[in-house]
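Written below as structure tokens is the structure these notes are about.
The values are calculated or read from the model by the stated rules, or taken from the named source; none is laboratory data. Predicted model, so just to flag it, every value in this text is computed and none were measured. Backbone-built Cβ (ideal geometry, glycine too); neighbour counts: all protein chains shown. For accessibility, only protein heavy atoms count, side chains too; no ligands or nucleic acids. Shrake-Rupley method; radii C 1.70, N 1.55, O 1.52, S 1.80 Å.
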Amino acid sequence: MAEELFISSSTDKKEKYQTLIPQVEALVSEEADLIANLANMAAALKQTMGFLWVGFYLVKGNQLVLGPFQGPIACTRIAFGKGVCGTAWKEKRTLIVPNVDEFPGHIACSSASKSEIVLPALKNGEVKLVLDVDSDNLNDFDAVDESALGELMRLIERKL
Ligand code: SME
């Protein structure tokens, strides 16, 4: 497909996600390389949703290491169980943090970040990478984000 993204002009984020997901599905279906797919996914999410920071951390040994992302520079390594990302890895589940200042051990890569969602992607029951999205608004993530971003993670899981 053409390397052009159609972005819904709707102000409803569910509609924005609904326009985005099939396009990402088409993009990743044509490419086998994981990093290439994660890079395009981060760019498509940033372009469509305008998040402060969106990107991936990949499990390497006992750490998460920064992968493809869009936004300000970020910390490169996160230990198992540390921060929101390391906790999502340890607990193998999605975490929504309405106010990062209230999350014990939150790792502040950017002082502008106010709320966050982290979703893991698993293969054979093991977390292989996480998607991390930061917002500069408090309480910016809900079940709509969890469901739509979860669909994107299932696309990635099929390629792991
Ligand atoms: N806040 C994250 C660290 C990654 S940055 O937000 C990009 C955490 O606590 O795991």
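For region 64-92, which residues satisfy the criterion of being open to solvent by 40 Å² or more (accessible area, probe 1.4 Å) and touching a Pro at 6+ places or on another chain (Cβ under 7 Å)?
K92
Here is a check on your reading of the model: is A26 without any contact (Cβ under 8 Å) to a residue 24 or more places away in the chain, closer than 24 Å to R158 by Cβ and more than 13 Å from the chain's Cα centre (by Cα)?
When the stated conditions are applied, A26 does not pass them.
Within region 46-71, can you find the residues that are part of a loop (DSSP other than H, G, I, E, B) and either near the ligand (Cβ under 8 Å from one of its atoms) or modelled with pLDDT under 95 (or both)?
If the condition is that a residue be part of a loop (DSSP other than H, G, I, E, B) and either near the ligand (Cβ under 8 Å from one of its atoms) or modelled with pLDDT under 95 (or both), then G50, G71 are the ones that fit.
Against the condition of a type in the set (D, E, K, R), open to solvent by 60 Å² or more (accessible area, probe 1.4 Å), away from the ligand (no atom under 13 Å from the Cβ) and within 12 Å of the chain's Cα centre (by Cα), how does E146 come out, does it pass? Talk me through it step by step, then tell me what you get.
Working: of a type in the set (D, E, K, R): yes; open to solvent by 60 Å² or more (accessible area, probe 1.4 Å): yes; away from the ligand (no atom under 13 Å from the Cβ): yes; within 12 Å of the chain's Cα centre (by Cα): yes.
Criteria met by E146.
Restricting attention to region 3-25, which residues are open to solvent by less than 70 Å² (accessible area, probe 1.4 Å) and in a loop (DSSP other than H, G, I, E, B)?
Those that are open to solvent by less than 70 Å² (accessible area, probe 1.4 Å) and in a loop (DSSP other than H, G, I, E, B): L5, I7, S8, S10, D12.
Every residue, every condition in (1) in contact (Cβ under 8 Å) with a residue 24 or more places away in the chain; (2) of a type outside the set (G, A, S), yes or no:
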{"residue": "I96", "(1), (2)": "yes, yes"}
{"residue": "E102", "(1), (2)": "no, yes"}
{"residue": "A108", "(1), (2)": "no, no"}
{"residue": "K114", "(1), (2)": "yes, yes"}
{"residue": "L131", "(1), (2)": "yes, yes"}
{"residue": "S135", "(1), (2)": "yes, no"}
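Among the residues in region 26-45, are any outside any loop (DSSP other than H, G, I, E, B), at pLDDT below 95 and not hydrophobic (A, V, I, L, M, F, W, C)?
For region 26-45, residues outside any loop (DSSP other than H, G, I, E, B), at pLDDT below 95 and not hydrophobic (A, V, I, L, M, F, W, C): present.
Would you pick out the residues in region 54-95 that are of a type in the set (K, R) and closer than 19 Å to A42 by Cβ?
Within region 54-95, K60, R77 meet the criteria.
Consider region 78-110. How many of its residues are within 11 Å of the ligand (Cβ to nearest atom) and part of a loop (DSSP other than H, G, I, E, B)?
So the answer is 10.
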